Amino acid sequence: MATIEFLLNGTPKQCHVPPDTSILTLLRDHLGITGTKEGCASGDCGACTVTINNPNDTQSRFLSVNACITPAHQLHGQHVITVEGLATEGNLHPAQQAMVECHGSQCGFCTPGIVMSLFTLHANQQHRPTPLTPETLEATLGGNLCRCTGYRPIRDAALSMQDVSWEAPQWLDASQPASHPLHVPESTAENEPLFVQPTTLAELADARYHYPDARLVAGATDLWLESTQRLTALNQLIDTTRVTELRQIEEATFQAQSGWWVGAGVTYSQLEPLLNSHFPAFAHLLHRLGSQQVRNRGTLGGNIANASPIGDTPPVLLALNAWVELTSHDDTRQLLLSDFFIDYKKTALAADEVISRIFIPQLAESATLRVWKLSKRREDDITAVLGVFSYCVNKGVMEDVRIAFGGMAAIPKRASQTETALEGQPISKASFQAAQRALAKEFQPMSDVRGSQHYRQQAALNLLERLYLSLSSPNQEVMLHAYAH
């Protein structure tokens, strides 16, 4: 198995560890760097937050990530910064100094992760100064939980750290010596440890062909829970994060529609500028999709391939009539996303195929997209029900209606009967009551810890009612409750 070569707080490191080693385990157990803590081991609490930077990419930002669910081998050629590396010559980093002066640390267990999130914000502000808005601050700290309820002084520290003088150490912008890619070996015995890191789509497809039982790993925000929560061995992994074609966004025309091909490896953070410009309702959903640490890692293709019935992006893409491109070692095919999901965790993806791109059609000028997510917490929580509504209104009549739900079936699914009930109908109580009757018969959701079957059915009907009320009173925001947005 290949040796990982990376920078740790400016110092070159080489490590030889199993494929299912996380960055957290690498730091604490193999390198003795114990400032980074394990809190939840599932990417929820942020105690393990570290910062990653690609020193050979001048356009790269500093990214906060959850070390507990990030594969250590993905550090190859990267620079990881931990809380141990921030103080220089006895001088604390502004994030640390501000936390001290604002009394932002209580029990201290979560503090290293909070400091690293603030360091990431500070470092990016130094490279590209922007106003520190409440939204930016909320996004920065949204993935760091303080069990001692010390959020106010932590917020004060974030607001004051820019006023602390600091001279960046030289190693912060150090260049990592060119490192060889982790290529596919010519032969590997079954169950023998394997971690390959292709750099082209052709190499990825070949790896998939030669190792059909190996697991594909991108952001690992869901896959790695199999290791940390279920203690499942992940011995054979194919890493998709270095494949150039999977990280591109291209404006294009496909099936006579204008839109964008989005590489399957594009992260939520990288996707955000496109959504802000063309799909603001979709962009708003991203703020409720995990934490910033998760959005820095999770990929659009991974969310689709995971095929979870409560995945956040598939219902939106279904309502937008998106397509997926599937690539194997000898073929490429495209199909509507609505044909991709077959049954619970079952998709049209063949054993030797990977999702290479997703085509997102541009909304018509007259179209409106609404995305409403219901969950127990406003941020960093899994969906109970997610409703997406795309439509045009022409002289008071509903047209081109597309409705999709997550959390209502074994797969993310279009509500075709409900769409038919509304198509060509006026915006009236009678029309929407007919649509609600259709919706009540269309899904048989399951009951689980996030909601009973009855709750989900009623919640979906309420979202449809919210759409009616919103259309009836276009100048008034209609809210179900504080978390229904």
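Rounded to the nearest percent, how much of the accessible area of the chain (1.4 Å probe, protein heavy atoms only) is carbon and sulfur? Of the solvent-accessible surface of the chain, carbon and sulfur hold 48 percent.
For segment 336-485, the solvent-accessible area with a 1.4 angstrom probe is 47 square angstrom per residue. Accessible surface calculations at 1.4 Å, restricted to protein heavy atoms, place segment 11-151 at 40 Å² per residue. For segment 273-380, the Stokes-Einstein estimate of translational diffusion at 10 °C and a viscosity of 1.306 mPa s comes to 106 µm²/s, using the Kirkwood hydrodynamic radius over alpha-carbon pairs.
Pick out, in residue order, every one of the trypsin sites (Lys or Arg not before Pro) in segment 198-306 that is DSSP loop and has at most 14 other C-beta atoms within 10 Å; say none if there are none.
Working: sites: R208, R215, R230, R242, R247, R288, R295, R297; in loops: R230, R242, R288, R297.
Answer in residue order: R230.
Note on K441: lysines with a C-alpha under 22 Å away, same-chain residues under 8 apart excluded, are K373, K413, K429.
Indicate the helices, whole DSSP H runs only, in the chain that combine a mean Kyte-Doolittle hydropathy of 0.0 or more with a Cα extent along their long axis of 18 angstrom or more. The partial results should precede the final answer.
Numbers: long enough: 111-127 (24 Å, 0.10); 429-442 (19 Å, -0.57); 453-472 (29 Å, -0.38).
Qualifying helices, which must be both long enough and hydrophobic enough, are 111-127.
For segment 57-164, which trypsin sites (Lys or Arg not before Pro) are both in a DSSP coil and crowded by at most 12 other Cβ atoms within 10 Å?
Working: sites: R61, R147, R155; in loops: R61, R147.
For trypsin sites (Lys or Arg not before Pro) across segment 57-164 that sit outside H, G, I, E and B with at most 12 neighbouring Cβ atoms in 10 Å, the list reads R147.
Extent along the principal axes, Cα only, for the chain: 72, 57, 39 Å, with the longest axis given first. Among the GluC sites (Glu not before Pro) in segment 214-313, none sits in a DSSP loop with a Cβ that has at most 14 other Cβ atoms within 10 Å.
Taking all Cα pairs closer than 8 Å and separated by 6 or more residues, the relative contact order of segment 103-154 comes to 70 percent. Once each part is reduced to its C-alpha centroid, what is the distance from segment 225-288 to segment 341-405 in angstrom? After rounding, the separation between the Cα centres reads 15 Å.
The values are calculated or read from the model by the stated rules, or taken from the named source; none is laboratory data. Predicted, not measured: the structure shown is a model, and the values here were computed from it. Cβ coordinates were reconstructed from backbone atoms using ideal geometry, including for glycine residues, and neighbour counts include every protein chain displayed. The protein model used for the area step is the full one, side chains on, heavy atoms only, and it has no ligands, DNA or RNA in it. Shrake-Rupley method; radii C 1.70, N 1.55, O 1.52, S 1.80 Å.
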